[in-house]
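Before any comments, here is the structure.
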Amino acid sequence: MIHLELFKKEDLSGVSYALDETQMRFTATAQQALQNISERDDNDAFPVTILEDDTPVGFFVLDFGEDKYELTDNENSVLLRSLSVNPQL
């Protein structure tokens, strides 16, 4: 069964898969996304692990930061960033 959980450090090895060149044009790796979050001065980004049963198979970030207003005026909006699924699975 597929389910989502807030990212935990122990998920890192499961979401540390390689993305091909085409995928890298459109998304960041989990490591890159986590680095970006750590460099921010807000608490508006939430990394999420995609799990199949209890195995990490994907990753994304829910971003409630102010830069979303470059795309929308909706105060209830959220950006989905760094979405990827392990291409080997």
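The values are calculated or read from the model by the stated rules, or taken from the named source; none is laboratory data. As the structure is a prediction and not an experimental result, all values here were calculated from the model. Positions of Cβ are backbone-derived with ideal geometry, glycine not excepted, and every protein chain shown enters the neighbour counts. Surface areas here come from the heavy atoms of the whole protein model, side chains and all, with no ligands, DNA or RNA. Shrake-Rupley method; radii C 1.70, N 1.55, O 1.52, S 1.80 Å.
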Expected single match for modelled with pLDDT of 95 or more, over 10 Å from the mean Cα position of the chain (by Cα) and among the polar types (S, T, N, Q) among THR55, THR49, THR22 is THR55
Output for segment 36-67, where each listed residue is touching a Lys or Arg at 6+ places or on another chain (Cβ under 8 Å) and open to solvent by 80 Å² or more (accessible area, probe 1.4 Å): none
Among the listed residues ALA33, ALA28, identify the single one that is surrounded by 10 or more Cβ atoms within 10 Å (Cβ to Cβ), small (Gly, Ala, Ser) and assigned to a loop (DSSP other than H, G, I, E, B). ALA28
What number of residues within segment 68-86 satisfy the criterion of being open to solvent by 80 Å² or more (accessible area, probe 1.4 Å) and assigned to a strand (DSSP E or B)? 4
